[in-house]
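The values are calculated or read from the model by the stated rules, or taken from the named source; none is laboratory data. What you see is a predicted model; the values in this text were computed from it and never measured. Ideal geometry is used to build each Cβ from the backbone, glycine not excepted, and the neighbour counts take in all protein chains shown.
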Amino acid sequence: MNGAQLTELFEHGMPGVREALDLVAGFDDSLVPGFARLSEEHASSLAALAAAVGITPLGERVSEAVEKIVAGSVTDERLSMLAGARAALLGAVHDALLAGFDAASGRTRAVWEPSPATSVTGGSDNLLAGCRSWLSEVALAGWRGVDHDLVAASGQMLEALLAAPDHRRLAVLVDGLTAELRASCPVGTMPQLPVRRWADLWTRALLLSQPGGWAGRSGAVTPVSGRLLILGVDVHEHSTAVQIQVHGILEPAGGEPARLVRASVAAAKVDTIVGPALWRLLSGYPVLLGALAERRSVTITDMSLHSSGDLVWREEQARPDEPADPFTTARVQLAGALAPPVPPLDRHTVRIAEPVLVEGYRVTTVGDDPATIGFDLGGSSLAVDVDRLPGCGPLTSELVAASTACLGLIRWDGGRWSLQPMAVQATVKRKPVVVHTGDWALGPTDPKVVKAEAKAGDAVAVLRERAGRLLRK
């Protein structure tokens, strides 16, 4: 992106965005004391939410649900209507922001075409009903009313969901929510709550647990073959899991237009495995890791591609190809690649993560904090989110500050646009260097890091050996 594109992106007003987010915040605040103890202010916030979707197909049912809930009649069906209204508002904000980005960058995006909904069995309906019931209890109690007993009440329901492959998406989501609540109990004593985050998780879980669910509505899945040119990798790390999401451009076989795609792989972990050791957890994906470390393209054959642009990665359907410089790929093909549409349930502001190439900037500081980096492209300043740089790669804030070109992900968070670096071209000690987040995917190349790892020992190997002993017993 250049200065003119950034100026258009930042100065192009998005009417109603702030107001919509304020309505969402009002609803989220109502979940803190719970719907069993709504104050007049909270009741007004719910009424404002209903008014915001009044002219939509949701309008009449949301308005009725608010009236009943304020009167003290709370059911999972009525709570689902409120969750739907909240998701619709955030979806509208997401669409407005993404449309602004597409217009400023000149990016073309495919149109979303849902696939037919699939039918579910009665037994599955019972599982979903159990989940909705527990989520309703949480909403009645409010976050401040969550205790160990309420979290424990999810155990049987969650165990049944985890055992049902068709509901794994919902099960993992609810499992994560219950884990956070359990770790925070008693929530009533917490000085500050992650109100927006917990409301996001609660809303998504309630929508995923609707009869019929969202299974089969995630868009078409088609087999694709061709060459995958990697742009960069985004590392998502949690105390119990790690996921890498590789962003790239797919050149389909047969001469179809190039398109932006993502490929994600994940592994379970413990909180003691950090830094470069994370890559060892993903050793079952040598082709993907090799492509990242060696900056190679990958030839894929009949790999499943969702309409959302997500490749279902299968190592046996991929083989290494020729070296391909991500910066060259971005300069030549990124502007013309077709971007994927966003599934309805994923239309949320935190989900925006669009690959871009930024060049010709001057590194500055943002605000009063000298550690906050920004890129100035002729008067327009773009904040750089160096806090998102993972510890498993060689890319650091110092390299970003010394850079002249940056491949990254444009995000919108905290009311502003920012850039998450995935790779930079920089000058260090008067020598040009190119550094990518995935350079250590096959192991660190920095002698100091290699020495430190050797001294500390291989935590992954030790834990695997101990796990093997337990299994043999």
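Could you look through the stretch 42-100, keep only residues that are within 30 Å of residue 410 (Cβ to Cβ) and of a type outside the set (A, V, I, L, M), and pick out the one that is farthest from the chain's Cα centre (by Cα)? So, considering only residues that are within 30 Å of residue 410 (Cβ to Cβ) and of a type outside the set (A, V, I, L, M), the one farthest from the chain's Cα centre (by Cα) is 56. When the stretch 317-376 is filtered for residues that are more than 21 Å from residue 17 (Cβ to Cβ) and charged (D, E, K, R), the ones remaining, listed by number, are 319, 321, 322, 325, 331, 359, 362, 368, 369, 376.
For the stretch 1-56, list the helices (runs of 4 or more DSSP H) that sit wholly inside it and hold at least 1 residues that are at pLDDT 95 or above; which are they? So the answer is 17-30, 40-52.
From the list 353, 383, the one residue that fits, being small (Gly, Ala, Ser) and either in the same structural domain as residue 247 (by TED's automatic domain parsing) or under 18 Å from the mean Cα position of the chain (by Cα) (or both), is 353.
For residue 226, the conditions (1) within 18 Å of the chain's Cα centre (by Cα); (2) at pLDDT 95 or above all hold with the exception of (1).
Output the qualifying pairs, or none if there are none: Cβ atoms under 6 angstrom, residues six or more apart or on different chains, first residue in the stretch 385-401 and touching a residue at least 24 places away in the same chain (Cβ under 8 Å) and within 21 Å of residue 452 (Cα to Cα), second residue among the charged types (D, E, K, R) and part of a helix (DSSP H, G or I). That search, which allows pairs on different chains as well, returns 394/439. Note on the stretch 129-213: enclosed helices (runs of 4 or more DSSP H) holding 1 or more residues that are in contact (Cβ under 8 Å) with a residue 60 or more places away in the chain, outside the structural domain of residue 75 (by TED's automatic domain parsing) and buried (at least 17 other Cβ atoms within 10 Å of the Cβ) are 195-208. Among the residues making up the stretch 384-416, those that are modelled with pLDDT under 90 and either within 12 Å of residue 361 (Cβ to Cβ) or part of a strand (DSSP E or B) (or both) are 413, 416.
Residue-level check: of (1) closer than 18 Å to residue 282 by Cβ; (2) without any contact (Cβ under 8 Å) to a residue 24 or more places away in the chain, residue 438 misses just (2). Restricting 296, 314 to those that are without any contact (Cβ under 8 Å) to a residue 24 or more places away in the chain and of a type in the set (Lys, Arg) reduces the list to 314.
Rundown of residues vs (1) under 21 Å from residue 440 (Cβ atoms); (2) assigned to a strand (DSSP E or B); (3) assigned by TED's automatic domain parsing to the domain that holds residue 328; (4) of a type in the set (Val, Ile, Thr), yes/no style:
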{"residue": "233", "(1), (2), (3), (4)": "yes, yes, yes, yes"}
{"residue": "248", "(1), (2), (3), (4)": "yes, yes, yes, no"}
{"residue": "257", "(1), (2), (3), (4)": "no, no, yes, no"}
{"residue": "260", "(1), (2), (3), (4)": "no, yes, yes, no"}
{"residue": "264", "(1), (2), (3), (4)": "yes, yes, yes, no"}
{"residue": "267", "(1), (2), (3), (4)": "yes, yes, yes, no"}
{"residue": "271", "(1), (2), (3), (4)": "yes, no, yes, no"}
